[in-house]
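Only one structure is covered here, and it is reproduced in the block below.
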């Protein structure tokens, strides 16, 4: 299949106008300037004159499929508010591919999301990176688990204060996280010793601690929900203490400490961008936060935090950031290339390069323009719009 005569933004090199993208067997086979294209006889062609061709959009933090649209309690499967420490929970056991928001996502050009538990628990469970097309989550997975969800700040406090249980302070939330990570560290040490010494006793199997082992080993990133600057600092502190590969999710007050975060090599996902200051920890929310972070040198992606912002509004969120100081191409990178990098799935999605999945979004007009429509969307080379 050849998409021709559009303005091609590979997000990995120059912009070609007019340009082409070629794909076969679900994978990108080429992209470049039209003058370099020699069409084989009988090739399937889609003329996209006047359109912008981008990699399918990637949302690095969402809860798509975890909170069913219009269903109320029956569809709310994102927060297990019975235990503040639930690393054993897996998003893939709750995602509903038939939630109509998946269709709205792909029709809006969003082809891949990192979705999973909410932020009620200090340790919420395992996120998953999935495509937005499919009837069975197992067939949609790009990476599962993709991250372990941790939460700091107001949400665990509020959820468990209502139950008159711990944690009801930020200190207790951090202590619960540390305690479980220490337990997992000891559990891992015993497993490793037993593997090397026949006389050493292996620990009893523990599903919670088993789930945290890859986090401690650096094989599974830790995603810390944190809005306030002090909560962001706690995430960095815990991350350093245990040598974690971590990302700060939301990073709402990142603008207050952007230089410090850059110096520490922190990666961040900002959002939801469109909304009011609905709770105390959002009091210092700024629309130029993403621009400030990226200018400081913080690798940053933009998210919807669906359903906080509807999934299909991801390009609108990027547009708002561009309106408030973020370079337009950087805004698009934050919902394609850099979102994929932060999610650890950039080997498959995020750019239009040979060998990567043929996830492609075609817009009538630039996607940062509110009036831009979606002309076509391909996921794994299959047209889904």
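The values are calculated or read from the model by the stated rules, or taken from the named source; none is laboratory data. Small disclaimer: the values here were computed from a predicted structure and weren't measured. Counting neighbours? That spans all protein chains shown, and the Cβs are built from the backbone with ideal geometry, glycine included.
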* Structure fact -> Scanning region 342-363 residue by residue, those over 20 Å from residue 292 (Cβ atoms) and in a helix (DSSP H, G or I) turn out to be 343
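Table: residues versus (1) closer than 27 Å to residue 77 by Cα; (2) assigned by TED's automatic domain parsing to the domain that holds residue 76; (3) part of a helix (DSSP H, G or I); (4) at pLDDT below 95.
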residue	(1), (2), (3), (4)
260	no, yes, yes, no
268	yes, yes, no, no
315	yes, yes, yes, no
318	no, yes, yes, no
326	no, yes, no, no
* Conditions (1) within 18 Å of the chain's Cα centre (by Cα); (2) assigned to a loop (DSSP other than H, G, I, E, B); (3) more than 30 Å from residue 212 (Cβ to Cβ): number failed by residue 95 -> (3)
* Would you check if residue 232 is under 22 Å from residue 63 (Cβ atoms) and in the same structural domain as residue 123 (by TED's automatic domain parsing)? => yes
* Quick one: is residue 265 under 25 Å from residue 338 (Cα atoms) and without any contact (Cβ under 8 Å) to a residue 12 or more places away in the chain? -> yes
* Set 72, 118, 65: member being over 27 Å from residue 206 (Cβ atoms) and surrounded by fewer than 24 Cβ atoms within 10 Å (Cβ to Cβ) -> 72
* To do: Test residue 49 against the stated conditions and say whether it is under 27 Å from the mean Cα position of the chain (by Cα), closer than 24 Å to residue 329 by Cα and touching a residue at least 12 places away in the same chain (Cβ under 8 Å).
  => no
* **Considering residues of region 350-375 that are surrounded by 19 or more Cβ atoms within 10 Å (Cβ to Cβ) and farther than 14 Å from residue 22 by Cα only, the residue farthest from the chain's Cα centre (by Cα)** => 375
* Asked: Can you tell me which residue in region 42-61 is surrounded by the most Cβ atoms within 10 Å (Cβ to Cβ), limited to those that are out of contact with any helix residue (DSSP H, G or I) (no Cβ under 9 Å at 6 or more places or on another chain) and assigned to a loop (DSSP other than H, G, I, E, B)?
  -> 48
* Asked: Residues in region 270-283 that are in contact (Cβ under 8 Å) with a residue 40 or more places away in the chain, surrounded by fewer than 24 Cβ atoms within 10 Å (Cβ to Cβ) and in a loop (DSSP other than H, G, I, E, B): how many?
  -> 3
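Before we move on, is residue 141 surrounded by 12 or more Cβ atoms within 10 Å (Cβ to Cβ), under 30 Å from residue 381 (Cα atoms), without any contact (Cβ under 8 Å) to a residue 60 or more places away in the chain and in the same structural domain as residue 114 (by TED's automatic domain parsing)?
Values: surrounded by 12 or more Cβ atoms within 10 Å (Cβ to Cβ): yes; under 30 Å from residue 381 (Cα atoms): yes; without any contact (Cβ under 8 Å) to a residue 60 or more places away in the chain: yes; in the same structural domain as residue 114 (by TED's automatic domain parsing): yes.
Criteria met by residue 141.
Which of the residues belonging to region 191-213 are closer than 29 Å to residue 247 by Cα, surrounded by fewer than 16 Cβ atoms within 10 Å (Cβ to Cβ) and without any contact (Cβ under 8 Å) to a residue 60 or more places away in the chain?
192, 205, 206
Report whether or not residue 151 is closer than 22 Å to residue 211 by Cα, at pLDDT 95 or above, in the same structural domain as residue 87 (by TED's automatic domain parsing) and under 23 Å from the mean Cα position of the chain (by Cα). Show your work before the answer.
Values: closer than 22 Å to residue 211 by Cα: yes; at pLDDT 95 or above: yes; in the same structural domain as residue 87 (by TED's automatic domain parsing): yes; under 23 Å from the mean Cα position of the chain (by Cα): yes.
So residue 151 fits the description; yes.
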* Structure fact -> Flagged in region 194-229 as out of contact with any helix residue (DSSP H, G or I) (no Cβ under 6 Å at 6 or more places or on another chain), in a loop (DSSP other than H, G, I, E, B) and closer than 27 Å to residue 270 by Cβ, in numbering order, are 218, 219, 221
* Being modelled with pLDDT of 95 or more and not in a helix (DSSP H, G or I) is the filter; apply it to region 156-172 and report the residue that is nearest to residue 227 (Cα to Cα). => 169
* Asked: Is it the case that some residue within region 10-22 is in the same structural domain as residue 380 (by TED's automatic domain parsing), surrounded by 17 or more Cβ atoms within 10 Å (Cβ to Cβ), more than 25 Å from the chain's Cα centre (by Cα) and over 18 Å from residue 363 (Cβ atoms)?
  -> yes
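Within the group 64, 39, which residue is in contact (Cβ under 8 Å) with a residue 24 or more places away in the chain, closer than 30 Å to residue 124 by Cα and outside any strand (DSSP E or B)?
Numbers: 39 fails: closer than 30 Å to residue 124 by Cα.
Of 64, 39, the one residue that is in contact (Cβ under 8 Å) with a residue 24 or more places away in the chain, closer than 30 Å to residue 124 by Cα and outside any strand (DSSP E or B) is 64.
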* To do: Sort out which residues of region 376-385 are touching a strand residue (DSSP E or B) at 6+ places or on another chain (Cβ under 6 Å) and either surrounded by 20 or more Cβ atoms within 10 Å (Cβ to Cβ) or over 16 Å from residue 4 (Cα atoms) (or both), and write them in order of number.
  => 377, 378, 379, 380, 384, 385
* To do: State whether the residues of region 184-198 include one that is over 24 Å from the mean Cα position of the chain (by Cα) and under 25 Å from residue 232 (Cβ atoms).
  => yes
